[in-house]
Structures are given as structure tokens and as C-alpha cells.
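Written below as C-alpha cells is the structure these notes are about.
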Amino acid sequence: MKSVICTTLLVETSPQGLPLGAACIASSIKADPRTSGQFSVSLVDFSLEEQEIVLAKQNGGDYAVSALLASRLASKKPDFVCFSVYVWNRVILEKTCLELKKLLPDCVCISGGPEVTANPLSFHSFDYMIAGQGERAMTELLNHLAEEKPQITQITQITQISGNGCDQEITTDCNSGNDNETTGFAFGVQGVYRSGNPSPEGQSNPIIRACPLPPDLTASPYLDGTLDVSKYGGALWELARGCPFKCSYCYESKGEKKIAYFPMERLEKEIELFAKKNISQVFVLDPTYNASKERAIKMLKIIEKKAPGMFFYFEARAEFIDRELARAFARIPCCLQIGLQSANPEVLKNVHRTLDKKKFEKNIGFLNEEGVTFGFDLIYGLPGDNFNGFCESIDFALALYPNNLELFCLSVLPGTDLHDAAKGFGLEWESQPPYHVLRTPQFSEKDLAKAEKLALATNLFYTKGRAVAWFNPILYVLREKPSEFLKGFTNYIESGFLSSEQKSKFASTGSIRDWSAEKNSTQIEELQIAFIQKKFREKHKDRFLPAAEDLIRIHSALGRCTFDGTESTFSTHYHPDDVMSEYGTDIEFFTENCGKQKSKVKVFVGENGADWRTV
């Protein structure tokens with residue numbers, strides 16, 4: 001029996017870093033009757049956080065990491081290795097394949113994943129590349145390779161290959177092995193390309209993707225034991241594949257436009273398994289969880305019944321949120337991540353998105369009213385946008401009280417509609433991963449650098465600093481917009497305002513990038529208060545400082561207690577019950593009407609979570 005290893009390199013070992021793509025391929029090989037009896041399959045994943053890999057990276061860079069991975073893989077003496085390739089691991093995995101070939105010349109290396117799907121013939125290390133969803137194509141390819149079947153050299157009017165229900169119809173006339181493989185039909189298997197052909201850059205042939213398996217025929221890597229969620233502390237959970245939208249910067253812009261849902265019976269069994277394994281969190285992979293409101297609510301009811309204590313992360317569209325759905329989300333522990341991307345509708349048109357700002361605000365209001373935790377994504381460097389527009393997007397987003405605000409530089413990903421249209425927009429971008437935009441006609445290189453610093457400052461002060469409960473109330477006292485305040489925070493760190501004593505105390509060299517590295521929440525809290533003290537004094541708002549400081553300290557302590565169980569004791573100017581009352585966030589009114597009462601406060605884990613009392 002021949003052996004197959006399905007492998008990938010992860011950014012981290014975590015629920016978000018779980019090797020789901022490679023596991024799905026492994027499960028499909030186990031489940032398909034054509035391959036299950038011919039191959040023994042194992043899943044081998046690596047993480048950039050592994051100590052041995054960290055040391056290899058430090059001592060010898062990517063080459064040393066690749067040599068280490070190849071050595072580990074070769075020790076298992078596989079006949080086939082299937083690599084799952086993403087933006088963050090492409091360079092290392094290509095080198096790993098080359099090193100593996102030196103150790104095991106007869107080993108057949110196959111690659112798939114988003115990077116391969118985008119441009120399969122840009123890869124020259126692997127023997128075969130699979131574009132698109134690989135479950136069906138991989139089993140068909142392995143079956144051909146194992147039986148050493150001859151290549152099909154004449155293909156015309158290919159429709160529904162192998163009766164698989166694929167609705168692509170492609171007409172091609174292939175008279176040689178190379179031509180056949182270039183068009184994505186190595187061995188006659190749709191979506192499979194063979195190495196050794198010239199790069200398709202400049203060629204007119206479109207990338208042909210593999211025919212996907214229907215969800216009801218796709219094996220579950222959780223239910224068949226391929227993936228043990230206990231190892232990762234949580235799960236990545238696919239409820240559906242495909243996306244009805246066509247955002248041009250996303251791989252899905254050229255993917256399946258229809259949503260294919262996994263059967264409810266399978267999903268219920270998976271959630272029961274997660275509950276049995278007692279994992280703490282699940283990241284739902286659907287690009288738009290609430291594309292179908294009816295199905296979304298039905299799934300939330302199943303979660304509420306079968307896994308009431310588990311925390312779920314969803315990606316959702318604000319346009320489809322109403323009060324009923326918000327209430328359904330509120331009944332389970334969860335967080336929604338919502339792709340705003342820009343607050344400028346004209347900019348969004350350039351990437352095939354729409355925004356009705358009034359409707360967006362209204363629907364987000366439902367989440368706030370029902371107490372649902374949510375965050376936003378924003379992208380800087382979008383075609384037609386500029387630095388001022390990016391700042392306005394930050395102002396719009398933070399005014400809606402998101403729990404977090406994730407800010408990303410635009411990546412012009414190969415295989416997306418934006419990649420095809422980028423030169424028309426005048427974009428210039430990196431030729432290698434992560435393909436970040438370098439400059440646009442409206443967004444200069446200098447402005448992109450400013451946007452990056454602002455993104456780092458936002459992440460540090462607002463998201464890592466857990467500032468949602470008090471950020472807008474403090475800005476109201478200062479009469480400042482969020483972006484102006486955060487630009488001032490960047491300058492505070494980088495322009496020499498921090499004393500040597502503060503730099504030592506905060507363990508910082510004084511750059512926003514250094515501060516964005518791992519800092520504990522107590523350090524961030526002290527920096528937040530130091531900056532706010534400076535701002536209040538500059539604007540002669542000193543009398544409001546005690547209330548502002550108390551608000552920050554109590555919420556920060558509660559946040560630490562909620563997230564990691566840390567208990568703490570500290571002093572406040574006001575009684576904590578007053579600070580945490582409905583009037584506490586109106587800092588000016590509170591200061592004028594509430595009497596001070598110095599208190600020592602203990603924050604602790606109570607019966608219903610984080611709590612406080614005076615001591």
C-alpha cells in the first residue's frame with residue numbers, strides 16, 4: 001500500500017490555524033473507494049510557533065526551515081506528499097518540496113490551496129498542482145498515478161467529467177501532453193496541472209478549476225478522526241462553501257457564486273463532537289454566515305441546544321442583520337466580524353461592494369441594543385481611496401462601538417478580479433506574497449506608511465486595549481475624532497513624549513511597531529492613562545480626569561478577569577458602583593453631579609463571571 005502525507009505550514013497552532021484544507025484532502029482519500037484501499041493517509045502539520053522551527057528561522061532563514069520540514073517529511077518515507085499552500089507559506093513550502101526531492105527523488109509532490117488556484121503554472125517545484133476545491137481531483141489524480149494510467153491526449157467539449165455534476169463547459173483540443181496539462185486536464189482530470197510548462201503569464205487560457213464534490217458527498221475530517229480538535233483547543237467549522245458576492249479583492253470573486261450548504265445532519269454530529277471534546281471556541285468559516293437568515297437562525301438554535309457554553313466567531317454581512325437575527329445571536333456566546341472595508345460607497349464600487357450607510361448604522365444598532373459583540377474590518381490602499389478617506393472610515397467605524405477594529409493593507413492577490421483590473425486602477429504592488437499594494441494614484445507610498453502606523457495605533461490602543469466601553473465617552477470630552485486622537489497617540493509614542501522612565505516601565509523603545517508587539521494588558525492600560533492625562537491637561541479638562549481614569553481602570557480590570565481570570569485590587573476616586581452606573585460614561589455630567597468617594601476595588605471571578613466589590 002502506498003503512503004500519502006497531507007501537510008501544510010501553519011502560522012500558529014490554534015483553532016484559527018488548524019489545517020482544515022489539508023485534512024479535507026486526507027479525508028477524501030480515505031473515503032473514496034478508488035483510493036481508500038490503495039493508500040495509507042496521514043495528516044502532518046507544522047507551525048511557525050514550534051520551537052525547533054523558530055530556531056531554524058533565526059539561524060538560517062526560510063531555507064533552514066524548509067530543510068527541517070523536508071527532513072521530517074522524508075523520515076516517514078511517503079510515496080506522495082500533498083501540500084496545502086497559502087500566501088503565508090508559499091515560499092517555504094516550495095523550497096521544502098525541492099529539498100524533499102533531494103532526499104526522496106521518487107516522491108510525487110502535489111500542491112493545492114488558494115495560492116495554487118490563483119496561478120497553478122507559476123509553481124515549478126511541485127509535480128502536480130490542483131486549482132480549486134481538491135477533494136475530487138486529488139482522488140482521481142492519485143488513482144491515475146497509482147495505476148500508472150496513460151495520459152489522455154485528446155479532449156473535446158468536456159462537460160460533467162466523470163458524471164460529477166460539474167457545470168463548467170470547456171472546449172479545448174489537446175494534441176500533446178504539455179498542451180493538455182496547460183489547460184488543466186492532466187490525466188484528463190479537470191483542474192489538475194503538471195509542472196514543467198511555461199508560466200501562463202500572458203497566455204489567454206483561463207485557469208480551469210477542479211469540479212467540487214457536492215457537500216453531502218464530502219467527508220468530514222472531524223467525524224472520521226482525521227482532525228482532533230483537542231490538539232488545537234477549538235475548531236474551524238465549515239457550514240457552507242461558496243459566496244454569492246463578488247468582492248474583487250477576494251479569492252471568492254472567481255470562485256463558486258452559489259452557496260453549497262453542508263447537510264444539517266452532518267453539522268449536528270460535528271457540533272455534538274465539539275461539545276463532547278469540551279473545546280472552548282469555534283471559528284465558523286462561511287464568508288457570509290447570514291446569507292440565508294432562515295438557515296442562520298436554525299443553526300443558532302442547534303448551537304444553543306447542543307453547545308450552550310461554547311464561544312463562536314461568525315463572519316456576517318450587516319445588510320442582512322435585523323432585530324430577530326440579532327436576538328438569536330445574543331442567545332449564544334459569540335462575536336461577529338463584519339467586513340466594512342471602507343465607509344466610502346464610491347470606493348467600494350471599485351471593488352464590487354455596496355454600502356448604504358444609514359442601513360448599516362441601523363442594523364449595527366440592533367446588535368448594540370441586544371448586547372451582541374462584533375468587530376469590523378477595514379482595508380487601506382483600496383483603488384480610489386486616500387489617506388483622508390481611510391481616516392474617515394476609522395471615524396465612521398469607531399462611532400458604532402465595535403469590540404475590535406481590524407485594519408489591513410490591501411493585498412492584490414493573484415487569481416482575483418482585482419488582480420486583473422489593478423493596472424487599470426494604477427495600482428503597484430509586491431510581486432511576492434503577501435502582495436501588498438505599494439502605491440496608488442491616490443495613496444502614495446508615504447501615505448500608506450502613515451496608514452500602517454495608524455492601523456498599528458488603533459490595534460494597540462483600541463482593540464488590544466479593550467477600549468470599547470470608554471473610548472467614545474473620552475473622545476466626547478476632548479471633542480476629537482477617533483482618527484485624530486489615534487494619530488496623536490502615534491506621535492505621543494514616536495515623538496519623544498515618553499520619558500526614559502516610562503520607556504523602561506513600558507519595556508518599549510518608543511516606536512509604534514515595537515509597542516504593537518506583545519505587551520501585556522496592564523502595560524497598555526498604563527500607557528492609555530498616561531496619554532489621556534496629557535490630552536486632558538492640554539485641553540484644560542483636568543477636572544474630568546478622575547472619572548475618566550476610574551472608567552478605564554475598572555473596565556480594564558474586568559476585561560482581564562473575563563479573558564484570563566486575572567483578579568486585581570486597585571484604588572479609585574469614585575465608588576465603583578457609581579462609575580459603572582448608566583451615568584458613568586457621561587463623564588462631564590458624572591463629574592459635575594457625583595460626589596467622590598475614594599475606594600479600594602477588588603475585581604474577581606464571581607458566579608456569573610467577572611465582578612467587583614469594595615474592600
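The values are calculated or read from the model by the stated rules, or taken from the named source; none is laboratory data. Not measured: the values here are computed from a predicted model. With ideal geometry, Cβ positions are generated from the backbone for all residues, glycine too; neighbour counts draw on all protein chains shown. To get the accessible areas, we keep the full protein, side chains included, count just its heavy atoms, and leave off ligands, DNA and RNA. Shrake-Rupley method; radii C 1.70, N 1.55, O 1.52, S 1.80 Å.
Worth a mention:
- Filtered by the rule that a residue be surrounded by fewer than 22 Cβ atoms within 10 Å (Cβ to Cβ), under 22 Å from the mean Cα position of the chain (by Cα), of a type outside the set (Ser, Thr, Tyr) and farther than 17 Å from PHE80 by Cβ, the stretch 11-46 gives VAL11, GLU12, PRO15, GLN16, GLY17, LEU20.
- Members of the stretch 365-407 that are β-branched (Val, Ile, Thr) and in contact with a helix residue (DSSP H, G or I) (Cβ under 6 Å, 6 or more places away or on another chain): VAL372, ILE394
- Here no helices (runs of 4 or more DSSP H) wholly within the stretch 411-500 include at least 2 residues being in contact (Cβ under 8 Å) with a residue 40 or more places away in the chain, open to solvent by 60 Å² or more (accessible area, probe 1.4 Å) and of a type outside the set (D, E, K, R).
- Subset of the stretch 68-94 [surrounded by fewer than 19 Cβ atoms within 10 Å (Cβ to Cβ) and either free of Cβ contacts under 8 Å to residues at least 24 places away in the same chain or part of a helix (DSSP H, G or I) (or both)]: SER71, ARG72, ALA74, SER75, VAL91
- Flag if ILE512 is open to solvent by less than 40 Å² (accessible area, probe 1.4 Å) and touching a Ser or Thr at 6+ places or on another chain (Cβ under 6 Å): yes
- Residue ranges of helices (runs of 4 or more DSSP H) in the stretch 505-615 with at least 3 members of a type in the set (S, T, N, Q): 521-538
- Residues of the stretch 385-406 classified as open to solvent by less than 10 Å² (accessible area, probe 1.4 Å) and aliphatic (A, V, I, L, M), total: 4
- Condition met for PHE589 (open to solvent by less than 20 Å² (accessible area, probe 1.4 Å) and under 21 Å from VAL477 (Cβ atoms)): no
- Filtered residues of the stretch 126-172 (kept if modelled with pLDDT under 95 and among the hydroxyl-bearing types (Ser, Thr, Tyr)): THR153, THR156, THR159, SER162, THR171, THR172
- Some residue of the stretch 401-416 being modelled with pLDDT under 95 and of a type in the set (Ser, Thr, Tyr): yes
- Flag for GLY309 being open to solvent by 30 Å² or more (accessible area, probe 1.4 Å), out of contact with any strand residue (DSSP E or B) (no Cβ under 7 Å at 6 or more places or on another chain) and at pLDDT below 95: yes
- You will find that of SER27, SER36, SER40, the residue that is farther than 23 Å from VAL116 by Cα and either among the acidic types (Asp, Glu) or modelled with pLDDT of 95 or more (or both) is SER40 and no other.
- A count restricted to the stretch 592-615 and to residues that are within 14 Å of GLU549 (Cα to Cα) and either of a type in the set (A, V, I, L, M, F, W, C) or open to solvent by less than 60 Å² (accessible area, probe 1.4 Å) (or both) stands at 2.
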